[in-house]
């Protein structure tokens, strides 16, 4: 199933809402003539989900370097959801972050907790 859309001859949009293997991501970047990609990331708003956006940016910046004699590809990652402004606006049911997550302390410092 095609999970990207070409905007024009050089630019494509790819949704990133599941964990792909590194090889799949690398091949996807070079599967079309697109040299500019916008990656839309949909993730949980918890310590690991927020960090996933950072991780996706870092991995894709590595993969966007020349590969198999292909030209360099420009990649921009945009986190579409779930963001704090969406949580504030829509007030979804509580889903506390796991305190056992190694990223919990930094997440709590940035976003607080549900107790205030």
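The values are calculated or read from the model by the stated rules, or taken from the named source; none is laboratory data. This structure is a prediction, so every number in the text was calculated from the model and none was measured. Glycine gets a Cβ as well: all are built from the backbone with ideal geometry, and neighbour counts include every protein chain shown.
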- Task: Kindly indicate whether residue 4 is touching a strand residue (DSSP E or B) at 6+ places or on another chain (Cβ under 9 Å), over 29 Å from residue 106 (Cβ atoms) and at pLDDT below 70.
- Result: yes
- Query: For segment 20-116, which fully contained helices (runs of 4 or more DSSP H) count at least 1 residues that are in contact with a strand residue (DSSP E or B) (Cβ under 8 Å, 6 or more places away or on another chain) and modelled with pLDDT under 90?
  - Reply: 22-29, 47-63
